[in-house]
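Chemist: Please see the structure below; I have some questions.
Nothing in this text is a laboratory measurement; each read-out follows from the coordinates by a stated rule. These numbers were taken from a predicted model, which means no experiment stands behind them. Glycine gets a Cβ as well: all are built from the backbone with ideal geometry, and neighbour counts include every protein chain shown.
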Amino acid sequence: MTVEIATRTMHADAKAIAEAARILRAGGLVAFPTETVYGLGADGTNAAAVARLYAAKGRPKFNPLIVHVADPAMAQGLAKFDAAASTLAAAFWPGPLTLVLPKTDDCPVAEIATAGLDTIAVRVPDHPVAHALIEAAGRPLVAPSANRSGHVSPTAAAHVAADLGRRIDLILDAGPTRVGVESTIVSCLSDDPVLLRPGGVARAAIEDVLPAPLGEPASAQANGPQAPGMLPSHYAPITRLRLGATRVEPHEALLAFGPTVPPGAAQAVAVLNLSPSADLVEAAANLFAHLRALDRAGARAIAAMPVPRDGLGEAINDRLARAATPR
Ligand code: TXA
Ligand code: MG
């Protein structure tokens, strides 16, 4: 008989971080907080560890991973920076921006982590625990969001335990994440940087520091591996999500936004508001936790009120659209 032991969750103090680094260096899997969402970390230079990570997540193999480094100098050992990439790194690191760049010739990151591509996605997270963990492990950490593939991203340690408990070695808990949506991904592979995924840094902030507007991905409409990370139902809850709702139908739960109470709200199975004051930063921070909670309400569907598209609203609408895509 096998006895399943639940994954340990440790408050992310210095002792826990040292223990986590030891596990990572030995090829284990540790969930840790970043400013965006919790990541599931593995030693990016250890192909076997990265393979276990894909297995724990149930992630399609063609979806490459983001490599997390402690500082820009560490990133320069992995990726080649052109002028635009250097500008973006100087402006937004540490912070919720991931850059897709050509790999260096002697890049130590395992091929499986980049899915065999000659490009690599790197970022410097803005979280003291993430920073300390990378330093203590002494190597780049690959870290997808710490959820099962196709589930919403975790913004609290309890979400990680619910999704990945028993499949990983340790969870470092530092409370809820500040940003709440994943990093913005920009590829700098040609002359004009391209926005691959909206996220924690708004498009306008990026365009402020660049000489020209961001380009759109060539395959923005295609939902295949040629647009990595753009799997249509990547962020889906189990309950059907109805977008742009201006009223609540019978047996629906309500994902509200702003001060307006729509017709039918009083009969809703459950109601959560992303931001009663219509603050998009607060809404981003609440998005995944609210989706998770409403998913458990036993509703026929989740009615999501419209969210404006400016600032972080672009990322919020992107995640809602993916969550609403039937699988
Ligand atoms: O905020 C975040 O970015 C979080 C935290 C944990 O850092 N991580 C995260 O990782 O969202 P993940 O694996 O859930 O999403 C990584 C995205 C995927 O959409 C993947 O396809 C894309 O990055 N990606 C990775 N390497 C790439 C590459 N070489 N070219 C294009 N896209 C790439
Ligand atoms: Mg993810």
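Chemist: Give me the one-decimal nm value for the distance between modelled label points at A47 and T325, 7 Å along each residue's Cα-to-Cβ direction.
Modeler: Inter-label distance under the simple model: 3.0 nm.
Chemist: Mind sorting F32, F257 by how few other Cβ atoms lie within 10 Å of their own Cβ, fewest first?
Modeler: On the way: F32 31, F257 22.
Ranked by crowding around the Cβ, least crowded first: F257, F32.
Chemist: Identify which of A16, A205, A156 has the largest mean-square fluctuation in a Gaussian network model of the chain, with springs joining Cα atoms closer than 10 Å.
Modeler: Result: A205 has the largest fluctuation of those listed.
Chemist: Starting from the Cα of A6, step 7 Å along the direction of its Cβ; do the same at A115; then give the gap between the two resulting points in nm.
Modeler: Inter-label distance under the simple model: 3.4 nm.
Chemist: Counting pairs of alpha carbon atoms under 8 Å apart in space and at least six apart in sequence, what relative contact order in percent does the chain give?
Modeler: Numbers: 760 pairs, mean separation 63.5, N = 327.
Answer for the chain is 19 percent.
Chemist: Would you please state the base-10 log of I(q)/I(0) at q = 0.07 1/Å for the chain, with intensities from the Debye formula using one equal scatterer on every alpha carbon?
Modeler: So the normalised log intensities are -0.27.
Chemist: Say a paramagnetic label sat at a point 7 Å from the Cα of R167, along Cα to Cβ; which residues of the range 256-298 have their backbone N under 18 Å from it?
Modeler: 292
Chemist: I'd like the FRET efficiency for R300 and S277, computed as 1/(1 + (r/R0)^6) with the beta carbon distance as r and R0 of 30 Å, rounded to 0.05.
Modeler: Values: r = 29 Å, r/R0 = 0.96.
Given R0 = 30 Å and the Cβ-Cβ separation, E is 0.55.
Chemist: Oh, and also: At D191 and A218, where each label point lies 7 Å from the Cα along Cα→Cβ, what is the point-to-point distance in nanometres?
Modeler: Once both label points are built, they end up 1.6 nm from each other.
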